[in-house]
Each structure stands twice: as C-alpha cells, then as structure tokens.
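One structure below.
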Amino acid sequence: MDLSPENSSYLRLWHSTGQLCGRIELPGSKSESNRLLILSAIYPDTLKIKGLSTADDTQLLQQILTSKQSLGSVHCRMAGTAYRFLTAYYAATPGAHVLLTGSDRMFERPIGPLVDALRQLGADIQYVGKEGFPPLEIKGTQLTGGLVTVDGSTSSQFITALMLIGCSLPLGLKIHIQGYPVSVPYIYLTASTLWQVGLKVDVRLPEIHLYPSSPKKSVVRVEPDWSAASYWYLMALLSQRAEIYLPGLRIPSMQGDSVVRGYFDALGVETVFLGSGIRIFKKTQSQNQSLQLDLRDTPDIAQTLAVALAAIGQSGTLTGLDTLPLKETDRLLALHNELTRCGARVESHTHSLTIRSSLHLKQNQLIHTYGDHRMAMAFAPLALLSPIVIQNPSVVSKSYPTFWQDLKKVGFSIEYLNSAKE
Ligand SMILES: O=C(O)C1=C[C@@H](OP(=O)(O)O)[C@@H](O)[C@H](O)C1
Ligand SMILES: C=C(OP(=O)(O)O)C(=O)O
C-alpha cells in the first residue's frame, strides 16, 4: 500500500542528531497573496504577481477568481480569508449571483460584522443557514460607496475585505472601525499592498479613507510567509545546533508575524539579516522570569510560542487570545488539550493561556491536530526532543504544502503510518 502524506493518517517524526543546517524556501505570504489576487480580479491586466503562495487556500482563491465564476455555488472549503474577501468582492460585482459556501467549520466562523457593513452600503446578501454565519447568498450590485461602520473586534479580515473593494467604488469608502480592533498589523498590510500598486488610502485608526483610484501597472513580489518562518525559529530553539537560511524574508516586514524574531531572540535564537534573506542561529538558551506576551496583533503565532515556552520549561502567559476560538479550530482549547497531553501544566482563560511547567513527552507521543495546519506545524519541532506521531499530517497544505519535505532537508526522518497507538 502506498503510504504518502496525502493518504496517511499519521506521520512519525524524529531527528537523530538534533543539528539543523540548511536553506529553506518558504512559501509566499498567504495574506499578501490573497490580497493581490482580489486586486487582480477587480483590476484585470494591471498586476503581475511573483512568488504567489503555494498554499491550498491561495490556490483555491486563484482558481475561483480565474474561472470568473459569478453564478451558482462557490466553495471556499476551509479558507477563511478567501471567504471573507470573496464576500465583499461578489457583493460589489454587478450581475454576480452566488451561494458562497465552505466546510462545516466555516459555518461556525462569524461573518456578521462584514455582512452588516456591506448591507449599509446597499449590498444584497442573505444568510442561508444561521444568522451571522456562512453560507451566504450574494447578489452583486453596483455599490456606490461612502461611509461605513464595521465592528473590528472579531476579525480584521472584515476590514481588509472592505478596503480591497474601497478604491473601486465611485465615492470611495470611509471606514469607521468600532470596538477594540484585533489583528491590526493585517490592516496595515492591506494598506501597504494598496499603496504599493498605486491605490490611494489613508489610515488613521479608527478611520480608514479609501479614495476612488486605479492601480498603476505593477510587478509585485510576494515576501515569504513569516508565520511559516515561526516554525523554523522553534526548530532552531529546540535543536542542539542550528544555522538555517531563509531567503527572501525582509526586515522590516509589513507582515505582523515578523515580530516572532524578537520573541525568539529573548528565548535563544539569533537572526542576522543578509539583505537577500535571514539566517537564524541557535544561541545559548536564555531563561527569563515569567514572560507575558500580548498576541492580540499576531494570533497566528500563538501556537508556535505556546509550544516554545512549554518545550523549554519557560513559564509565561500568552494574552490577547480572544480570537483563537474562531480559527480553523478552537485553538485555545486545542492548545490546552495537547500541551496537557504532552505533560505540561497549563491554564486557559477566555483571553489567555498560562504555561506553568515543562512538557514530559512519551516515546512516540501522539499529537492530535484538530484539522488545523498550525497545530501540526507548531508541535512538529518537538521531534527534536523525542520521536512524535502527528495525526492527519496533510493538514499543513492549507498554508505550507512542502512543510514535511522541508523538514527532511534538514535531517528529520519521517515514516508514514495508517494507525497509531496512544
Ligand atoms: O488578513 C489576513 O490575511 C489574516 C488575518 C488574521 O485573521 P483575523 O483578523 O481574523 O485575526 C489571521 O489570523 C489570518 O490567518 C490571516
Ligand atoms: C486563521 C488562518 O487562516 P484563515 O482565517 O484564512 O482560515 C490561519 O492561516 O491561521
């Protein structure tokens, strides 16, 4: 029987030397790619995108947009960002009439604040199932734009979705954000993408002003993905010795998750910026007094940091985790369960997770992944401490399809299994 990542239920992972040395080409940023794809669809023939992400979510969005399908059922599977951006895109595309649907999990991820905002602009959107959640029936109309208020306390993707259509509306768009916004760097990433292609936007939070404008013909290079880089920082931290070159990453970067560099510097990984990319090294591990890290701006690196603290026995509290229950799985619950199963003492509250003691891994410790790519990738570096078994390894393709191949390049051993003992 052919056991490969796509058809195996489990993957056993270990590293015999603990020494990591190599060059890893990370996928392009999923966030930048998805923004550029929507802009390419709104303004055809203006943008040439280089280094587009190979993530399943991005490939799916590209397929949906290039098929120019504007009638019938459009399936976004697990791709939350794509779903939110397409809601605004179809609502502002005259003649479109789609049922925008997705996976069962998508039906539990909120969309209400974006629908409310688009309706203020005159959009024709109906809930097909539960009020406030996908799926949606959207009839596209010519929106004129103007003033819109949106709640920013659940997801920044609602704000980005509005920003991406804003400059194409005859009156432009003036967005007023209500509530204490989450994931703010993603709002600036959107503004920077718009500026880069020549669209006019002014961000003075809580106000964002998008002026009617057209992009200039541009070639845009997508930076590699800093959320994906976070797993390499964790591997460097847990190694005996590491020197890893990650070409293309920039310092400074518009991706908020690039703050991972500073967090890991405090834990024991040094970064050197080489112009063409970064090189990361393991340095002497630092023990700090109990740490408190606020991740309200950068929810996607919460799993990496929680595993890092537990793995090195560094006590600390991650705060600002309000939106983790709304992601691919309830990430707060998933982290609590898996860290506890791995022998750590942890406490979770609505907005925070406290790590009180180190992990105690069993031989071939089983890691459940909850259908979440970031659970698989954040726990995988533990194989540097002891062999582990990852359930459902193919989940990584949502954002980083070559993750397991890249691990092999730096000496990890992999065995695909179709069953695992607890
Ligand atoms: O705009 C984006 O590209 C994203 C914004 C964030 O979502 P929230 O704003 O919902 O936290 C992040 O978690 C997601 O992976 C990507
Ligand atoms: C939350 C994520 O993605 P999305 O919201 O696009 O499903 C993620 O990639 O961690």
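Of note:
- Complete set of residues in the range 399-422 that are acidic (Asp, Glu) and surrounded by 13 or more Cβ atoms within 10 Å (Cβ to Cβ): Asp406, Glu415
- Any hit, the range 95-109, residues being assigned to a loop (DSSP other than H, G, I, E, B), more than 13 Å from ligand 2 (Cβ to nearest atom), within 28 Å of Ser214 (Cα to Cα) and over 23 Å from the mean Cα position of the chain (by Cα): yes
- Subset of the range 317-328 (residues that are surrounded by fewer than 23 Cβ atoms within 10 Å (Cβ to Cβ), in contact (Cβ under 8 Å) with a residue 24 or more places away in the chain and within 16 Å of ligand 2 (Cβ to nearest atom)): Gly320, Asp322, Thr323, Leu326, Lys327
- Only residues that are in a strand (DSSP E or B) and of a type in the set (A, V, I, L, M) were counted in the range 312-336, giving 1.
- Complete set of residues in the range 271-311 that are of a type in the set (Asp, Glu), outside any loop (DSSP other than H, G, I, E, B) and surrounded by 14 or more Cβ atoms within 10 Å (Cβ to Cβ): Asp300
- Some residue of the range 170-182 being within 16 Å of ligand 1 (Cβ to nearest atom), assigned to a loop (DSSP other than H, G, I, E, B), in the same structural domain as Ala55 (by TED's automatic domain parsing) and within 29 Å of Asp56 (Cα to Cα): yes
- Qualifying residue in the range 370-385 (condition: in contact (Cβ under 8 Å) with a residue 12 or more places away in the chain, more than 26 Å from Pro325 (Cβ to Cβ) and surrounded by fewer than 22 Cβ atoms within 10 Å (Cβ to Cβ)): yes
- Within the range 410-422, residues that are farther than 25 Å from Met235 by Cβ have Cβ atoms under 6 Å from residues that are modelled with pLDDT of 95 or more and aliphatic (A, V, I, L, M) in these pairs: Glu422/Leu366, counting only partners at least 6 apart in sequence or on another chain.
Listed here are the residues, each with its yes/no results for (1) under 28 Å from Met377 (Cα atoms); (2) within 16 Å of ligand 2 (Cβ to nearest atom); (3) in contact with a helix residue (DSSP H, G or I) (Cβ under 6 Å, 6 or more places away or on another chain); (4) not β-branched (Val, Ile, Thr).
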residue: Ile175; (1), (2), (3), (4): no, no, yes, no
residue: Tyr180; (1), (2), (3), (4): no, no, no, yes
residue: Leu194; (1), (2), (3), (4): no, no, no, yes
residue: Val219; (1), (2), (3), (4): no, no, no, no
residue: Ala229; (1), (2), (3), (4): yes, yes, no, yes
residue: Ser239; (1), (2), (3), (4): yes, no, yes, yes
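- Subset of the range 91-109 (residues that are surrounded by 16 or more Cβ atoms within 10 Å (Cβ to Cβ) and touching a residue at least 40 places away in the same chain (Cβ under 8 Å)): Ala91, Ala92, Thr93, Ala96, Val98, Arg105, Arg109
- Options Leu52, Leu37: the member that is within 16 Å of ligand 1 (Cβ to nearest atom), outside any helix (DSSP H, G or I) and in contact with a helix residue (DSSP H, G or I) (Cβ under 6 Å, 6 or more places away or on another chain): Leu52
- Residue within the range 115-124 that is among the charged types (D, E, K, R), within 14 Å of ligand 2 (Cβ to nearest atom) and in a helix (DSSP H, G or I) present: no
A quick yes/no check of all residues on (1) away from ligand 1 (no atom under 16 Å from the Cβ); (2) in contact (Cβ under 8 Å) with a residue 60 or more places away in the chain:
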residue: Ile301; (1), (2): no, yes
residue: Ala311; (1), (2): yes, yes
residue: Ser315; (1), (2): yes, no
residue: Asp330; (1), (2): no, no
residue: Leu339; (1), (2): yes, no
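The values are calculated or read from the model by the stated rules, or taken from the named source; none is laboratory data. These figures come from a predicted structure and were not determined experimentally. Cβ atoms come from the backbone with ideal geometry, glycine included; neighbour counts cover every protein chain shown.
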